Amino acid sequence: MAIDFSQDAHPEAASFRILELDRVLALVAARACTAAAKAALTALQPAPVSAAPRLREALKEAAAFKALIRDCGAVPLAGIEDLRPFLEEVRFPGSWLPPRELLILARTLAALEGVCAYRENAAARAADLYQPVASVFAGIESFAPLFRLIESCINEDEEIRDNASLELQDIRRRIVAARRQISTHLSGILSNPDLQPFIQDNLVTIRNQRYVLPLKTNFRGTIPGIIHDHSRTRQTCFVEPLESVLLNNNLALLLQEERQEEINILSMIADRLRQATAAIVRTLLQILALDQLQAKALFAEEIKASAPVLLESWTAGFSLKAARHPLLAAGAAVDRVVAIDLEFPPGRCGLVISGANTGGKTVSLKTAGLIILMARCGLLLPVSPESRVPLFSLVLAAIGDEQNLAASLSTFSGHLLAVKAILGKADAASLVLLDELGVGTDPKEGAALAQAVLMELKKRRVTFIVTTHYNDVKSYAYEEEGVSSVAVAFDPAIFKPLYHLQYGVPGLSNAFLIARNLGFSEELLEQARSLLDEGENRITRMAVRLEKRLAHTAGHEKELLQLKQQARIEIERGLRLSAELAAEKEKLQAGAREQIAILVKEARQKFKARLAELEMAKQVLEAATAAAGKALLETPAEIKLGRLRNAFNEVRDEVYELLPPAPTAGAAVNCAEIAVGDRVQVAGQTKMATVAAIDASRKRFTVVLEGNLRVTLSPDKISRHLPGAAPGARSGGEGSVRIRNIVAEESDSGLGRGTLGVTGPAQVLNLIGKRVEEAVELLTLFIDQSIVSGQAKVEIIHGHGTGRLRQGLHESLKTLPYVSNFYHPEAASGGAAVTIVELVQR
């Protein structure tokens, strides 16, 4: 529903008009592309406080869209029309749209293709910026087939194309032939010299869609035929010769066929439109929301608006930091608009702003009121993001001259009626803005009346901002608890206002300074000063001292702010350097790890080559032994084998010199202190287990792992002990399967703790569920890791299964240079489901 700015039907209607909310909404609407969005934005109405969650979401969405526009540009919405009236025309079967309306529809569908293209580009180019507003684009569909269909049937001259259908193409070809035949026939009659005296013009023309000849009226019976029309002067009659009637009839039939085929084509397009009507309407509604959101974001970008914190309760105070009047911000460069800070700490309910004329008092009132109303309209606000903006349920303003000669109201009477209306509505959830309260009457009486109004507002706990020139009202604000006196800054040296607010001091009206600047004589001004009573002079002198003291304090605050900024810069610089050092350290460590991996790989390759040589030598020795006797060749074989072993040890020692020292084992767990029900951590596990049973010798412990898996293990597998019963601990049945511990995480990969399915110092690798090729690769890296960490023995869990995984792992273990032996443990420790691998020690 639109806001009625002309009548007081709405409790805030007068405030909307006074604060010029309609002008702000008009500026926002001007950034929209579609007529529907412009109308909706113009009709925006401030929402109630109960809509605060929706308003916060609206500001967040608008801020996200503003960021997207800054990176990807505006969404191309130009050319999109409201198609719902056209769709209503073809709602019923058999109805169709004329070509002109179909062209309008086609242009809109083409524009929708541009929106879809923008969506795809934004999602790919700026995914982090697009994601927060993805829901706005979600309901927009592409209608490319329908657009291409219309374009293929209708040309830019709003005519149906010849190739819209084969039937239409054939009919139009026959029409051209029929017209040519008629024109040739009638041209032959015109060329007859005997008929020249009776013919008015030597041309063939058309009347009532039939070809005719122009004859002089006096001789219309010379050529037998049908008279279709006369000229305006009645000097010419248009006759269709009887000889051409059949030809014209044939043409008329063809034209009827053409029209029917055109209707068939238009009906076919209408059928397609009916099928897509629901989707088109949904898309247009989404475009409407998108257009409104984009208009808000574009306006916010222009006035440099942000999304501050919105408050439903302001008992803890609120603040409008760096607030700018939206109309001023929209019409001037940002650096030319002076921002103000409106501060309401806890306990403060009112501000009384005083100071020189043209100093910005009234603008401050309007700025506060407009920002509150804009927040309730879901618009981004021209304030700092750190601001805390309250959502007042009512904004009540009395600003400007309320004089009404037609109603016999003076300026003062009109002002009093406006204040009376405000007092009748104001409560603790209201913001009251009063400009020059008590003006237009005797200053003493006006000041007294103004103070009484402020006392009433404070009694009701109403938040108010008031401007005044009355010293008594300034004194009240300075002395009254909960009310603050604020001055608009003025530079007496240049006789110009500075437009920012100074808290804690009353502002001087500076009437004498302004009068001097306007050319009043010094003698007149001195006489005026002498007429001020002592009380007025005392207040003026006090205000001057306070202004000087405030200026001195402001200088110190400025220096302190500069020091804080320098300190922040140095802290940020230190953090940046620390991050760079950490990155460089990580880079060096990564390079070292890569070099170690290369060396290990080279050592493995060299050993494999030596092993291959040894195999060949072994085969040669076996052949020689069979031929000449084993005793003669034992010494050379031993020498050859020793040489190969020494070569491998040299390469291995080179690698070991580059590797970091093996990690030291953690403190041992005192198993004598472990009791049934205690919580322990099994080596290789990340979650705690519960002790279910302990044998008499305390050499075997049964624990319950996650998933109610019972495992029996030796004391050296327990890496941590937490005394006390686990909550909800319970033991499994006698049929629980007992296997070796550690089911490692299968999703990790790489070397180090928590990788390759390995966790903890127990060095256990779980390969259950892996393919043979993947398991062999993980096994190789795992053995390298175990060698680096100084392990002498590791366990491989592969399960029973079909046996293919176990066989593949055993074949690989035979080729690894660091493996000295491997075997299955006893059945109680896993049996054939586990392989124990013994490693070569350095």
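The values are calculated or read from the model by the stated rules, or taken from the named source; none is laboratory data. Every value quoted in this text rests on a predicted model; they were computed, and no experiment measured them. All Cβ positions, glycine included, derive from the backbone under ideal geometry; neighbour counts span all protein chains shown. To get the accessible areas, we keep the full protein, side chains included, count just its heavy atoms, and leave off ligands, DNA and RNA. Shrake-Rupley method; radii C 1.70, N 1.55, O 1.52, S 1.80 Å.
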Quick check on my filter: what residues within the stretch 255-265 are of a type outside the set (Val, Ile, Thr), closer than 12 Å to Glu167 by Cβ and open to solvent by less than 60 Å² (accessible area, probe 1.4 Å)?
Glu258, Glu261, Glu262
Filtering the stretch 318-336 down to residues that are open to solvent by 20 Å² or more (accessible area, probe 1.4 Å) and in a loop (DSSP other than H, G, I, E, B) yields Arg324, Ala332, Ala333
It is to be established whether one or more residues within the stretch 58-72 are surrounded by fewer than 16 Cβ atoms within 10 Å (Cβ to Cβ) and either free of Cβ contacts under 8 Å to residues at least 40 places away in the same chain or outside any helix (DSSP H, G or I) (or both).
no
Of all residues in the stretch 392-421, count the ones that are within 43 Å of the chain's Cα centre (by Cα), modelled with pLDDT of 85 or more and surrounded by fewer than 23 Cβ atoms within 10 Å (Cβ to Cβ).
3
Residue among Pro132, Pro93 that is not in a helix (DSSP H, G or I) and not polar (S, T, N, Q):
Pro93
Any residue in the stretch 688-703 that is assigned to a loop (DSSP other than H, G, I, E, B) sitting within a Cβ distance under 7 Å of a residue that is basic (Lys, Arg)? List the pairs, counting only those 6 or more apart or interchain.
Met688/Arg679
Among what's in the stretch 135-156 and is among the polar types (S, T, N, Q) and either touching a Cys at 6+ places or on another chain (Cβ under 7 Å) or part of a loop (DSSP other than H, G, I, E, B) (or both), pick the residue that is least open to solvent (accessible area, probe 1.4 Å).
Asn155
Pairs, first hydroxyl-bearing (Ser, Thr, Tyr) in the stretch 146-166, second part of a helix (DSSP H, G or I), C-beta under 9 Å, six or more apart:
Ser152/Asn163; Ser152/Ala164; Ser165/Cys153; Ser165/Glu261; Ser165/Asn264; Ser165/Ile265; Ser165/Met268
Reported set for the stretch 96-120 where residues are of a type in the set (A, V, I, L, M) and not in a loop (DSSP other than H, G, I, E, B) is Leu102, Leu103, Ile104, Leu105, Ala106, Leu109, Ala110, Ala111, Leu112, Val115, Ala117
Could you look through the stretch 453-464, keep only residues that are farther than 11 Å from Arg348 by Cα and within 45 Å of the chain's Cα centre (by Cα), and pick out the one that is surrounded by the fewest Cβ atoms within 10 Å (Cβ to Cβ)?
Lys459
List the residue pairs whose Cβ atoms are under 8 Å apart, where the first residue sits in the stretch 810-836 and is without any contact (Cβ under 8 Å) to a residue 24 or more places away in the chain and outside any helix (DSSP H, G or I), the second is β-branched (Val, Ile, Thr) and exposed (fewer than 13 other Cβ atoms within 10 Å of the Cβ), and the two are 6 or more positions apart or on different chains.
none
Set Ile189, Ile182, Ile263: member being in contact (Cβ under 8 Å) with a residue 40 or more places away in the chain and under 30 Å from Leu102 (Cα atoms):
Ile263
Which one of Gln595, Gln566, Gln562 is modelled with pLDDT of 75 or more and either within 30 Å of Tyr503 (Cα to Cα) or surrounded by 13 or more Cβ atoms within 10 Å (Cβ to Cβ) (or both)?
Gln566
Check on Thr315, open to solvent by 40 Å² or more (accessible area, probe 1.4 Å), part of a loop (DSSP other than H, G, I, E, B) and more than 25 Å from Lys366 (Cα to Cα)
no
From the list Ile199, Ile171, which one is of a type in the set (Val, Ile, Thr), over 30 Å from Ala276 (Cα atoms) and at pLDDT 90 or above?
Ile171
Got a number for residues in the stretch 202-233 being at pLDDT 85 or above and of a type in the set (Phe, Trp, Tyr)?
1
Just to be sure I understand, how many residues within the stretch 294-344 are under 28 Å from the mean Cα position of the chain (by Cα) and acidic (Asp, Glu)?
4
Residue under question is Phe86, and the condition is that it be surrounded by fewer than 16 Cβ atoms within 10 Å (Cβ to Cβ) and under 29 Å from Ala110 (Cα atoms); does it hold?
no
Check whether at least one residue in the stretch 336-343 is touching an Asp or Glu at 6+ places or on another chain (Cβ under 7 Å) and modelled with pLDDT under 95, and report yes or no.
no
Please tell me if Ala178 is in contact with a Cys (Cβ under 7 Å, 6 or more places away or on another chain) and either open to solvent by less than 40 Å² (accessible area, probe 1.4 Å) or not small (Gly, Ala, Ser) (or both).
no
Identity of the residue in the stretch 214-244, under 30 Å from Asp170 (Cβ atoms) and in contact with a strand residue (DSSP E or B) (Cβ under 7 Å, 6 or more places away or on another chain), that ends up surrounded by the fewest Cβ atoms within 10 Å (Cβ to Cβ)
Leu242
Does Val24 satisfy being part of a helix (DSSP H, G or I), touching a residue at least 12 places away in the same chain (Cβ under 8 Å), within 24 Å of Glu302 (Cβ to Cβ) and open to solvent by less than 10 Å² (accessible area, probe 1.4 Å)?
yes
Does Leu112 satisfy being touching a residue at least 40 places away in the same chain (Cβ under 8 Å) and either small (Gly, Ala, Ser) or open to solvent by less than 40 Å² (accessible area, probe 1.4 Å) (or both)?
yes
